[in-house]
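Enquirer: Before I ask anything, let me first share the structure, which is written out below as structure tokens.
The values are calculated or read from the model by the stated rules, or taken from the named source; none is laboratory data. Nothing here was measured: the structure is a model prediction, and the numbers come from that model. Note that each Cβ is placed from the backbone with ideal geometry, even for glycine, and that neighbours are counted across all protein chains shown. All accessible areas refer to the heavy atoms of the entire protein, side chains included, with ligands and DNA or RNA removed. Shrake-Rupley method; radii C 1.70, N 1.55, O 1.52, S 1.80 Å.
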Amino acid sequence: MASRCWRWWGLSAWPRTRLPPAGSTPSFRHHFSTQEKTPQICVVGSGPAGFYTAQHLLKHPQAHVDIYEKQPVPFGLVRFGVAPDHPEVKSYGAEDHRALEIPGEELPGVYSARAFVGWYNGLPENQELEPDLSCDTAVILGQGNVALDVARILLTPPEHLEALLLCQRTDITKAALGVLRQSRVKTVWLVGRRGPLQVAFTIKELREMIQLPGARPILDPADFLGLQDKIKEVPRPRKRLTELLFRTATEKPGPEEAVRQASASRAWGLRFFRSPQQVLPSPDGRRAAGVRLAVTRLEGVDEATRAVPTGDIEDLPCGLVLSSIGYKSRPVDPSVPFDSKLGVIPNVEGRVMDVPGLYCSGWVKRGPTGVIATTMTDSFLTGQMLLQDLKAGLLPSGPRPGYAAIQALLSSRGVQPVSFSDWEKLDAEEVARGQGTGKPREKLVDPQEMLRLLGH
């Protein structure tokens, strides 16, 4: 009879303690074994990469998998991901953001898109963000799906968000919705170093922005000069996307669309061929008041295309700056190899180089690219490699205490973990609270409140 099983443990108890990742220290690695008959496997991180990897590992009939998570709730970006009005698609998963590395990015009014997304999605560590949305104009540095998601949330009329609540299509937090109701942001610019052929968002998100209630697009036809012939040569998905951009920028809207745009009180636009050089301070130096942009041109062809400065400078006034230029993973432990430039653990098909028995999955394996489906395929591959190595006898073997050793370690640190059954209680509480407001759930965002509810 098969005895495969898995357990999930949230470790965000107080005092807040973060368990080292599997393989991060010899003593931790020695807690788990991978004997072919009864392999004990540890997965650190309960986002899609962690769960998909565990799912594949459980194909082994005797596998026992323990999943560890620093938060008191599981599921990572599926819970805290991009857009609360897109519950079917969430798409980021690294722990950190790429810094702008320009003067002024430390000013109040400058945030990473990752932190902003975490704020309106209820990520506990971002609940003290308190973004000031009292300005007229916001600038988002980046032109990917996350940038479009943030722009859409900023510009969606509050009554539209309320309608989504009524049909239970959003789980945006109560606090974030209250701030968005009071927002004065009317214009959002999305800035990119390169041109229309290099945008990183997809056509679904672009179409939704173009049709956003109460908002009109602003695109400069001059940015699309000479693109018609180039569009014919690009792959079909990119071709369809660029054609939609081209039509929106150059064609006169039909009568119905013209009326809609004329009545729109908000606007969003794409600024191409611009590279951020400095966040400009307000006269009193106390907050952001604009972004200084270097005008760029493109050099190279195809994948080698890069933006180089022309020498011209442009200042774009704004009161809110959001950096959405990419995400990166953090090094997990000195004993685990890490490429700080690429933000990944060096690996071959998920096998961590020079560390037998240690594997990686998700963005720490391949970098911050792709969405949930990409992560699923990638995680299954990592799981497949581990099972192959297990069958070939290439992994550490012999008896190991497994969770018993981890439990003793946590106890010595005063940490009481949150089990999956505990999470199910929190889940039921969130759903019950959401029913009172017409939402699928009202997320708990305070770890201390979660622990009190569990009697910890």
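Each row is one residue, and each column tells you yes or no for (1) hydroxyl-bearing (Ser, Thr, Tyr); (2) within 28 Å of the chain's Cα centre (by Cα); (3) part of a helix (DSSP H, G or I); (4) at pLDDT 95 or above.
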{"site": "Glu233", "(1), (2), (3), (4)": "no, no, no, no"}
{"site": "Pro237", "(1), (2), (3), (4)": "no, yes, yes, no"}
{"site": "Leu244", "(1), (2), (3), (4)": "no, yes, yes, yes"}
{"site": "Arg247", "(1), (2), (3), (4)": "no, no, yes, yes"}
{"site": "Pro253", "(1), (2), (3), (4)": "no, no, no, no"}
{"site": "Ala264", "(1), (2), (3), (4)": "no, no, no, yes"}
{"site": "Val279", "(1), (2), (3), (4)": "no, yes, no, yes"}
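Enquirer: Suppose the filter is assigned to a strand (DSSP E or B), of a type in the set (Lys, Arg) and surrounded by fewer than 21 Cβ atoms within 10 Å (Cβ to Cβ); does Arg260 pass it? Spell out how you get there, then give the answer.
Expert: Working: assigned to a strand (DSSP E or B): no; of a type in the set (Lys, Arg): yes; surrounded by fewer than 21 Cβ atoms within 10 Å (Cβ to Cβ): yes.
For Arg260, the condition - assigned to a strand (DSSP E or B), of a type in the set (Lys, Arg) and surrounded by fewer than 21 Cβ atoms within 10 Å (Cβ to Cβ) - is not met.
Enquirer: Based on this model, can you work out whether Gly393 counts as at positive phi, touching a residue at least 12 places away in the same chain (Cβ under 8 Å) and either open to solvent by less than 20 Å² (accessible area, probe 1.4 Å) or part of a loop (DSSP other than H, G, I, E, B) (or both)?
Expert: Numbers: at positive phi: yes; touching a residue at least 12 places away in the same chain (Cβ under 8 Å): yes; either open to solvent by less than 20 Å² (accessible area, probe 1.4 Å) or part of a loop (DSSP other than H, G, I, E, B) (or both): yes.
The answer is yes for Gly393.
Enquirer: Then there is this: Looking at this structure, is Leu410 assigned to a loop (DSSP other than H, G, I, E, B), crowded, with 16+ Cβ neighbours inside 10 Å and touching a Leu at 6+ places or on another chain (Cβ under 8 Å)? Quick ask: steps written out before the conclusion?
Expert: On the way: assigned to a loop (DSSP other than H, G, I, E, B): no; crowded, with 16+ Cβ neighbours inside 10 Å: yes; touching a Leu at 6+ places or on another chain (Cβ under 8 Å): yes.
No: the conditions fail for Leu410.
Enquirer: So which residues in the range 419-441 are touching a residue at least 60 places away in the same chain (Cβ under 8 Å), in contact with a helix residue (DSSP H, G or I) (Cβ under 8 Å, 6 or more places away or on another chain) and open to solvent by 30 Å² or more (accessible area, probe 1.4 Å), if there are any at all?
Expert: Thr437, Pro440, Arg441
Enquirer: List, please: which pairs have Cβ atoms under 7 Å, are six or more places apart or on different chains, and start with a residue in the range 214-239 that is open to solvent by 90 Å² or more (accessible area, probe 1.4 Å) and end with one that is among the small types (Gly, Ala, Ser)?
Expert: Note: pairs meeting the criteria are Arg216/Ala264; Arg216/Ala267.
Enquirer: Out of Pro368, Pro331, I need the residue that is within 30 Å of Phe272 (Cα to Cα) and open to solvent by 30 Å² or more (accessible area, probe 1.4 Å). Which one? It would help to see each step written out before you state the result.
Expert: Details: Pro331 fails: within 30 Å of Phe272 (Cα to Cα).
The conditions single out Pro368.
Enquirer: Could you list, in sequence order, all residues of the range 305-347 that are hydroxyl-bearing (Ser, Thr, Tyr) and farther than 30 Å from Ser183 by Cα? Break it down stepwise before answering.
Expert: Of the range 305-347, the ones hydroxyl-bearing (Ser, Thr, Tyr) are 305, 310, 323-324, 327, 329, 335, 340.
Residues satisfying the conditions are Thr305, Thr310, Ser329, Ser335, Ser340.
Enquirer: Give the residue, chosen from Arg266, Arg287, that is touching a helix residue (DSSP H, G or I) at 6+ places or on another chain (Cβ under 9 Å), in contact (Cβ under 8 Å) with a residue 24 or more places away in the chain and among the charged types (D, E, K, R). Lay out the reasoning, then the answer.
Expert: On the way: Arg287 fails: touching a helix residue (DSSP H, G or I) at 6+ places or on another chain (Cβ under 9 Å).
After applying the criteria, what remains is Arg266.
Enquirer: For Thr296, indicate whether it is out of contact with any helix residue (DSSP H, G or I) (no Cβ under 8 Å at 6 or more places or on another chain), open to solvent by less than 70 Å² (accessible area, probe 1.4 Å), hydroxyl-bearing (Ser, Thr, Tyr) and free of Cβ contacts under 8 Å to residues at least 60 places away in the same chain. Don't jump to the end; show me each part of the working.
Expert: Working: out of contact with any helix residue (DSSP H, G or I) (no Cβ under 8 Å at 6 or more places or on another chain): yes; open to solvent by less than 70 Å² (accessible area, probe 1.4 Å): yes; hydroxyl-bearing (Ser, Thr, Tyr): yes; free of Cβ contacts under 8 Å to residues at least 60 places away in the same chain: no.
No; evaluated as a whole, the condition is false for this residue.
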